[in-house]
Amino acid sequence: MIDAASFPVCMAGRGDEPPISHAACAGCRESVRQVLANALLQVRFRPVADLRTCTIFGHLASVHGPAERLPQSGDRLLEIAETVGLIPPLAEQFYRHALLRYQEHQGVGYLLLPLSRLVLAAGVEVGEVVLLEARQIGWPLKRLIVVFPGLTPRQAGLTDQARRQAATLAAAGVALAASGLGCAYAEQVLWSERSPGFQIVEDPPPGELDFGLLRHSAYARELAGETMRRRQVIVGGIGSVAALRALKHIDVGLAFGDFIGRPYLDPTSTLSAAAHKAIAEGTGLTLAPRSGSGRLLERMMTQVPPVSAQTPSERVFLQFERNRELRALAVVEDGVPLGLISRYDMVDNMARPYRHELYGRKPCTRFMDPEPLIVEVGLSLQEISEAVVHAHPRHLISGFIVTDQGRYLGIGSVQDLVREVTTMQMEAARYANPLTQLPGNVPICQTIDNLIAAGEPFVICYCDLDNFKPFNDVYGFAKGDEVIRLLAQVLTEVCDVDRDFIGHIGGDDFVLVIKSEDWLERCERALTLFGEEILGFFSADDIERGGYVTENRKGCMEFHSLTTLSIGIVEVSPGMFANHLAVASVAAEVKKKAKALKGNSLYVNRRSYGEVMTRNGPVAV
């Protein structure tokens, strides 16, 4: 097996050597042969955002070389492969790997597969290849979108090929997408018989996505025209919050770009924090907080002054020499990160003979990683960890850039991230309930105190089971443990794990700390779900009687109703309570009132408002 490190280095257009075209680069051609022979192509997935629901619509796949030893651009790889007649195997590997990886990592939504003009020209029957691979792995064809290139009159020879491919895919139920905007030739010839369901527009014209000019621009009118054709428009190249807001302004539903999410080796399940915030603004969508993650990343990162793209390499090398703790430097222009220079790469290269003389006065971008790992300051610890795990191994050494809405803030270390994750896991394991693995008393109290100190409103829900001891006496403690685990599962299902906190005090007592605005609906859903699921634990006779008879502490037989769930609820406003002890005192009283009601019930404390709401209606205070 040949690894990527053994490939010849591509010198085309790098450094100070005379530029060599990729078509003439023997090292590149041999590298492509080795990559295909050893199935080492990389597929990356860029998330496509649904701007109406603030979710991931799907991922656009792209092909890349396996390491820095090959050109990373898919177009450049195809150009090299064309010179040696290897486009067919390259295309087949790309589609196969894209489908397999998307299925293995449970990619969300649609998988968008691009179809290049060079692949069409090479005579690759993409329709047959994609359908064969999808059927072999059992991938649903209705979740595939094949993106066709825009064709011009000069490419008339490809029209019949494209029309045939489109017919094969459409007949199998695969969705089609047209690339480009306003391509009259493609509309008249390629799409005259069958209109695609999607129109992809990449790299909008500079200045077109401007709030002031957008409504009256020709670009906006063309996008509206695509909508009138009953096509869903997908706009790419979104690199800022202003561009994203502009698209929302003209009601474009789908978009992708670096601001929304960079291409990763594995399909991500989240949008960037900045994009999530911008999409949710003013839409009524719930924007999940990041569990204090902004403070977390600000605490973890190092505020290292960046360098510009014109900074001489020798000056960057001197910075690394003077500061032994400095692991990486960001290259930034106008506040936007361009890349990352790793200490290891810089020192390793500049320490070689004559490197100072050759490159010392040259721009430092020669030693820059142009595809660094960039992490938004608002991401949660889980999302950061996911991004690092799915990133290239080189980022484990160089670290990552921290940004705030795309603007440079500092540099983060993977070692610091691992330390933070380990600490949190140890704390969670230390105080977790052994039966449900949910946080116990200490995390519950800390969560409540932190919210009170921050002045944030929240809702406390004290959950308790009714007639649970008689159930244990009749059915045994093992069944009792199963009921407690059932309750934990129900509460977890109805809560938003990003916004709400679920704690297990012990026994059959649980506490919810809810920040979701629809807390009442969530609690009522918990009552409904528990009421349905608990019936599976009783015999048919007990269900028919509505309970069971067991011996009480005095030795007398006593009838007990079926086990039910009671929830006492306290709304906590800023300044209402001093600490968790005061909250717990009121919550315990409200829980008693909930347990006094029959059946699965909830009781909401509204003393300051003059009445108390129960599941069965209002009750005067």
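If I stretch the segment between Glu589 and Thr159 completely, what's the gain in nm (0.36 nm per residue apart, minus their alpha carbon distance), one decimal?
Numbers: separation 430, 0.36 × 430 = 154.80 nm, distance 7.52 nm.
Value of the extension gain: 147.3 nm.
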Trypsin sites (Lys or Arg not before Pro), restricted to the range 298-396: which are DSSP loop and have at most 16 other Cβ atoms within 10 Å? Arg324, Arg361
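With the Cα gyration tensor of the range 295-420 giving a ≥ b ≥ c as the square roots of its eigenvalues, does the rule (a/c under 1.5 for rounded; else a/b larger than b/c for prolate; else oblate) give rounded, prolate or oblate? Provide the component values of the computation, followed by the final result.
Numbers: a/c = 2.17, a/b = 1.77, b/c = 1.22.
Prolate.
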Amide H partners (placed H, <5 Å) of Glu376, local residues excluded: Ala273, Thr403
Going by amide H atoms built from the backbone, whose H comes under 5 Å of the H on Gly399, apart from near neighbours? Val414
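If you wrap a convex hull around the alpha carbons of the range 432-620, what volume per residue comes out, as a whole number of Å³? Provide the component values of the computation, followed by the final result.
On the way: hull volume 23.8 nm³, N = 189.
Taking the convex hull of the Cα positions in the range 432-620, it is 126 Å³ per residue.
Give me the extension gain from Leu318 to Glu571: residue separation times 0.36 nm, minus the current Cα-Cα distance, reported in nm with one decimal. Display every interim value, and only then the final one.
Values: separation 253, 0.36 × 253 = 91.08 nm, distance 5.80 nm.
Contour length minus Cα-Cα distance gives 85.3 nm.
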Stretchable slack from Val336 to Gln446, in nm (0.36 nm times residue separation minus alpha-carbon distance): 35.9 nm
With θ taken as phi - 60° and the coefficients 6.51, -1.76 and 1.60, list the Karplus ³J(HN,Hα) couplings across the range 307-316 in order, rounded to whole Hz; mark glycine and proline as x. 10, 8, 5, 8, 4, x, 4, 5, 5, 5
Tell me, what ³J(HN,Hα) does each residue in the range 598-604 have, in order and in whole Hz, if you take phi through Karplus 6.51 cos²θ - 1.76 cosθ + 1.60 with θ = phi - 60° and put x for Gly and Pro? 7, x, 6, 9, 9, 9, 9
³J(HN,Hα) computed for each position of the range 137-143 - Karplus, 6.51 cos²θ - 1.76 cosθ + 1.60, integer Hz, glycine/proline x: 9, x, 7, x, 5, 6, 9
Distance in nm between label sites at Val347 and Ile397, each 7 Å beyond Cα in the beta-carbon direction? 1.1 nm
Amide H neighbours of Gly239 under 5 Å, counting only residues 5+ apart in sequence or on other chains, H built in-plane at 1.01 Å? Phe259
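Rule-based calculations on the coordinates, nothing more; no lab input. As the structure is a prediction and not an experimental result, all values here were calculated from the model. As a convention, Cβ positions derive from the backbone with ideal geometry for all residues, glycine included, and neighbour counts pool all protein chains shown.
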